[in-house]
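> The structure's right below; bear with me while I get my questions together.
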Amino acid sequence: MDPVFFFELSGESRDMPAAEARRCMGAECPRHTVTGEGPGYLTASFPEGCLEGIGGRISLTRSIGRYLGAYDPWDLGGLSGAPLPEGTFAIRAKRFEGMMRDVDSQKLIREAGGILSKSNDVDLRDPDIVVRMQLCDKAHLYIEDRVVDRGVMEKRKVGERPFFSPISLHPRYARALVNLTGARRGDIVLDPFCGTGGILIEAAEMGMRAVASDFDGEMVAGCRENMAFYGLRLHDYETVDIDGVPDRFSGIDVVATDPPYGRSTRTGGEDVTQIHKRAMASIPEALRQGGRAGIVLPYEARPDTMELDCSFRQHVHGSLSRHYHIFRKPGH
């Protein structure tokens, strides 16, 4: 029987973290089963060998670990049967978005520690094992096996690149966009509005073959410069308008893109809604049958050229929201 793992999801988006976790499991581990989901978490069973691949690519999850179970705060008796590996341990508790305010978390930690210390010694300063307790709909406990290194993604923010434009997705969301398409290692991922290359940097970091195009040759050159700066390579690239993308690229596994829509973006004077309309016609022509496209727009889109798989809304500021769409080209 495969072990069950707990995903501590970030609170940055309502539905996107859980959806990303599901797609990462699907891409890295064909044999997996989601066993539970709730506020700030998802649990799933899969072979332990898949953990490294999933944890190495996921971006909207904070940590993953072997699940010890869900308990009512006033009844931790069942924890006595929860096995810990050999070594010292410490328990760290966190409330998800302020839930369970009426529960004394320190008291709960002491109670849980008293149960687990019957088989393992406590070491609060330098434990061999960190047991996480997430307080939300219940008290969920898990052994922290993998912490997602968000600091690495912070170092790839737009202002840290040698060539940059102020309009760019944060690497965390660029990576999530690629993950939501279900892209696998070795897949060809095209960004036809590559800009400074933020999406393709994340795709290449995850082992995919990155392909860049843009109508602006300066952007394509800047994308290449940024990729080289991080020790990554472009599988292919071209300076071409969106209408010409299918003539230059075909059989693409995944398109992941954040087309222009802000006031300071470069559009060559064309209205952005017309650019989006042309993109919705060209992108499926470049995709292989059954390929997916992750497209970020400031509104909900329902083109008749692709099937909508799922979509997620992210409030940015004021009246601006980003809508992350995952489309699928019909076919096998």
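The values are calculated or read from the model by the stated rules, or taken from the named source; none is laboratory data. Worth saying up front: this structure is predicted, and the values here are computed from it rather than measured. Cβ placement follows ideal geometry from the backbone for every residue including glycine, while neighbour counts extend to all protein chains displayed. What goes into the accessible areas is simple: the full protein's heavy atoms, side chains included, and nothing from ligands, DNA or RNA. Shrake-Rupley method; radii C 1.70, N 1.55, O 1.52, S 1.80 Å.
> In whole angstrom, how long is each semi-axis of the equivalent ellipsoid of the chain, when you take the square root of 5 times every eigenvalue of its Cα gyration tensor and sort them from largest down? Walk me through the intermediate numbers first.
Numbers: eigenvalues 347, 70, 69 Å².
Gyration-tensor ellipsoid for the chain: 42, 19, 19 Å.
> Tell me, Kirkwood radius of the stretch 207-332 from alpha-carbon pair distances, in Å? Display every interim value, and only then the final one.
Values: mean 1/r = 0.0646 Å⁻¹.
So the Kirkwood estimate lands at 15.5 Å.
> Compare the peptides 102-110, 19-27 by average per-residue count of other Cβ atoms within 10 angstrom and give them in order, highest first. Before the final figure, lay out each step's value.
Working: 102-110: 13.0, 19-27: 22.1.
Ranked from most to least packed, the peptides come out as 19-27, 102-110.
> When ranked by the protection proxy of mean other Cβ atoms within 10 Å per residue, highest first, what sequence do the peptides 118-128, 191-201 form?
On the way: 118-128: 11.8, 191-201: 27.9.
Top to bottom by mean Cβ count within 10 Å: 191-201, 118-128.
> With only Lys, Arg, Asp and Glu charged, each at its Cβ (+1 for the first two, -1 for the last two), find how big the charge dipole of the chain is about the Cα centre; round to the nearest 20 debye. Don't skip to the end; give the middle numbers.
Values: 42 positive and 48 negative charges, 47 e Å.
In debye, rounded to 20, the chain gives about 220.
> Which percent, to the nearest 5, of DSSP beta bridges fully inside the chain are antiparallel?
65 percent
> Accessible area per residue, 1.4 Å probe, Å², for the chain: what's the number?
Numbers: 15060 Å² over 332 residues.
Solvent-accessible surface per residue comes out at 45 Å².
> Taking θ as phi - 60°, what are the ³J(HN,Hα) couplings along the stretch 311-325 by the Karplus curve (6.51, -1.76, 1.60), each to the nearest whole Hz, with x for Gly and Pro?
My calculation for the stretch 311-325 gives 8, 9, 9, 10, 6, 9, 5, x, 9, 8, 10, 9, 10, 8, 9 Hz in order.
> Can you tell me the equivalent ellipsoid semi-axes for the stretch 107-226? Use √(5λ) from the Cα gyration tensor, largest first, whole Å.
On the way: eigenvalues 371, 43, 31 Å².
For the stretch 107-226, the ellipsoid semi-axes come out as 43, 15, 12 Å.
> Among 151-158, 209-216, 273-280, 248-255, how do they line up from the highest to the lowest mean number of other beta-carbon atoms within 10 Å? Write out the running numbers ahead of the final one.
Values: 151-158: 14.1, 209-216: 23.8, 273-280: 17.0, 248-255: 20.1.
Descending mean neighbour count gives 209-216, 248-255, 273-280, 151-158.
> Right, here's the next one. Please get the size of the charge dipole for the stretch 1-154, origin at its Cα centre, with Cβ charges of +1 on Lys and Arg and -1 on Asp and Glu, quoted in debye to the nearest 20.
On the way: 19 positive and 25 negative charges, 43 e Å.
Dipole magnitude for the stretch 1-154 comes out near 200 debye.
> What does DSSP give for the stretch 117-268 in terms of the percent of beta bridges that are antiparallel, rounded to the nearest 5? Each step should come with its number before you reach the end.
Details: 5 of 15 bridges.
Approximately 35 percent, going by the DSSP bridge assignments.
> Run the accessible area of the chain with a 1.4 Å probe and give the carbon-and-sulfur part as a rounded percent.
Percent of accessible area from carbon and sulfur atoms in the chain: 47.
> Per residue, what volume in Å³ does the convex hull of the Cα atoms of the stretch 1-66 enclose?
Values: hull volume 4.5 nm³, N = 66.
Expressed per residue, the convex hull around the Cα atoms of the stretch 1-66 is 68 Å³.
> For the chain, how many pairs of lysine residues have a Cα-Cα distance under 19 Å, where the two are 8 or more positions apart or belong to different chains? Mind dumping the intermediate values first?
Numbers: K94/K107; K94/K138; K107/K118; K107/K138; K277/K329.
Step by step, the pairs that qualify in the chain add up to 5.
> In square nanometres and to one decimal, what's the mean projected area of the convex hull around the Cα atoms of the stretch 159-228?
Working: hull surface 16.9 nm².
Over all viewing directions, the stretch 159-228 projects a mean Cα-hull area of 4.2 nm².
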